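Let me begin by presenting the structure, written as structure tokens, before commenting on it.
The values are calculated or read from the model by the stated rules, or taken from the named source; none is laboratory data. Computed from a predicted structure; not experimentally measured. Ideal geometry is used to build each Cβ from the backbone, glycine not excepted, and the neighbour counts take in all protein chains shown.
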Amino acid sequence: MAVTTFAPNPPDGLALSHSPTIKGKVAAHQWIVEAAGVAMSWNFFKNQAKKNSIPHTWIGHAMHFSTHDLWTWLTSQHRQPTPTTSTRWYEQS
């Protein structure tokens, strides 16, 4: 049974492709920051790519990424913000 993940629709003007059209981690990170408009550190992206948690295709000796897979992975990284009014561990009785 195939597992499908839900990804919200991309912003207007951001075209997604299922083909692996982005060659290399640097170009994929640049697409995330510039085209998708998501602030993400290079170190975080590089480490996630090393752990194979970002979907990619090997063509020759280079990683290639599809914009659709990057968008799906990006939206899966969302975490709920912690409330700022919560009690910190050192303030607990």
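Listed values, structure above:
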item	result
Filter pass, N43 being modelled with pLDDT of 90 or more, at positive phi and loosely packed, with under 14 Cβ neighbours inside 10 Å	no
Scan of region 49-80 for residues that are part of a helix (DSSP H, G or I) and free of Cβ contacts under 8 Å to residues at least 12 places away in the same chain, ordered by number	K50
Subset tally (residues that are surrounded by fewer than 17 Cβ atoms within 10 Å (Cβ to Cβ) and in a helix (DSSP H, G or I)) for region 21-34	5
